[in-house]
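See below for the structure under consideration.
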Amino acid sequence: MTTPHTVAVLGLGRMGGAIATRLAAQDWDVVGWTRSGRTSGTVRTTGDPNEAVARADLVLLALFDGPACRQVLDDVRDSLRTDTIVLNTSTIAPAEATILARRLGPSYVHAPLLGSVPAAAAGALQILAAADQDALDRARPVLETLGTVRRADDASTAAALKLIANNSLTGAVLALRDSLRQADALGLPRTQTLDILELGQLGALVARKRHFLLGGPTAATAEFTIGALAKDMALLAAASDIPLRSAAGLTGTSAAPGTDADIAVAATVPATEDAVLEPLRAYIRGHATGDPTHFRDAFLPTAHIEGIRDGALVSWRLDEYCALFQGRPAPDEPTRTRRIDAVDVHGTVATATMTLSHGADTFTDIFLLIHADGGWRIANKAYHRHS
């Protein structure tokens, strides 16, 4: 086993720059290159990736995604020595990791990282490493300069575990967003809300991200961006072929604060605008009063209401649905409750879910809404009756 002496870091973004700086500070001979042309004041850089690779014993990839990894490796293929270790810290799809491992053979180490810029700077990353034993032994001194190594069975498993870890982070960000939205609706001061949240399960996230959550400057200090996390969630959803609400949740919010903003900014996106809630509130008023006028305000004239009634499919036109209501509240109206569970807006269309507790029956209503002619209306409703 030979210990690498010169390390080429290809990719000097937030993480790549922090990695290169950490290695240089720990007396590694580091040469950096980045596709954007960004230079680092702490490490030696070159404008030619082939020059960096040709002199390196170990090539470390810190790139945004799988296509970037493939392109860069294609560009430097002729400069890679047969004994050069390729250490890929990028977050990519499991299938992409498998392809790279097969293509590069025993010299490839797939090692996605758990942790962001501060952990990289402190050498406190958790590293999921998959490689042949010889390649891992040669790469270990570099890896242990960056953090703690955890062995994974193969490149695909390491890549998949990284996506799962980031999914839990996404869930925490979205849970924090929901808590802040509810607190705002209740008129609670943001600082007091964060003080209490910091005592609970979201405490570590709140403590690290309080600056962003209080609306501080964000452009230059993002550690992990919304765009990068949204990319990872899209990879996970595609790889698992299982619906992933967190992917849609991040994608839906990333445009507002900007994909280069820190992930914490996604937790501060305001709640759904009242405009999309208005037809749903009109629908609730229709049930509360028994007045079908409210349903005509809520639905498009072409709407259908569908579900299973007495074991058979029913599909009512709006007029037929309105005829079911007699213009007065149900006798047990004071005991009935209704709540809007979720609203997801995608441009000019939206979906919504509502729960209605009506006596012995509970209904789950699913709505498709359309924004047209300056306002939102319900295009269709489907329901399930829980008796």
Can we say T6 is open to solvent by less than 30 Å² (accessible area, probe 1.4 Å), without any contact (Cβ under 8 Å) to a residue 60 or more places away in the chain, touching an Asp or Glu at 6+ places or on another chain (Cβ under 6 Å) and on the phi < 0 side of the Ramachandran plot? yes
Looking only at residues in the range 144-156 that are touching a helix residue (DSSP H, G or I) at 6+ places or on another chain (Cβ under 8 Å) and in a helix (DSSP H, G or I), which one is surrounded by the most Cβ atoms within 10 Å (Cβ to Cβ)? A155
Looking at the range 90-118, which of its residues are out of contact with any Gly (no Cβ under 8 Å at 6 or more places or on another chain) and part of a loop (DSSP other than H, G, I, E, B)? T91, A111, P112, S116
Scanning the range 313-340 residue by residue, those of a type in the set (A, V, I, L, M) and within 18 Å of P292 (Cα to Cα) turn out to be L318, A323, L324, A330
Anything in the range 181-212 that is within 28 Å of G115 (Cβ to Cβ) and part of a loop (DSSP other than H, G, I, E, B)? List them, or say none. E198, L199, G200, Q201, L202
Consider the range 373-384. How many of its residues are open to solvent by 50 Å² or more (accessible area, probe 1.4 Å), more than 19 Å from D319 (Cβ to Cβ) and either in a strand (DSSP E or B) or of a type in the set (G, A, S) (or both)? 2
In the list T302, T355, T351, which residue meets the criterion of being part of a strand (DSSP E or B), open to solvent by less than 50 Å² (accessible area, probe 1.4 Å) and either modelled with pLDDT of 95 or more or in contact with a strand residue (DSSP E or B) (Cβ under 9 Å, 6 or more places away or on another chain) (or both)? T355
Top-ranked residue of the range 322-343 - restricted to ones that are under 23 Å from T302 (Cβ atoms) and open to solvent by less than 50 Å² (accessible area, probe 1.4 Å), ranked as modelled with the lowest pLDDT: V343
Options D83, D57, D75, D65; residue that is among the acidic types (D, E), touching a Ser or Thr at 6+ places or on another chain (Cβ under 9 Å) and open to solvent by 50 Å² or more (accessible area, probe 1.4 Å): D83
Just give me the residues in the range 157-183 being open to solvent by 40 Å² or more (accessible area, probe 1.4 Å), in contact (Cβ under 8 Å) with a residue 60 or more places away in the chain and closer than 16 Å to A238 by Cα, in sequence order. T157, I164, N167
How many residues does the range 105-136 hold that are farther than 24 Å from T170 by Cα, surrounded by fewer than 21 Cβ atoms within 10 Å (Cβ to Cβ) and among the aliphatic types (A, V, I, L, M)? 1
Do you know which residues across the range 265-299 are small (G, A, S), open to solvent by less than 20 Å² (accessible area, probe 1.4 Å) and over 16 Å from A330 (Cα atoms)? A266, A267, A282, A298
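The values are calculated or read from the model by the stated rules, or taken from the named source; none is laboratory data. This one's a predicted model, so the numbers in the text were calculated from it and none came from an experiment. All Cβ positions, even for glycine, are placed from backbone atoms using ideal geometry, and neighbour counts span all protein chains on display. For the accessible areas, the whole protein counts, side chains as well, though only heavy atoms, and no ligand, DNA or RNA atoms are used. Shrake-Rupley method; radii C 1.70, N 1.55, O 1.52, S 1.80 Å.
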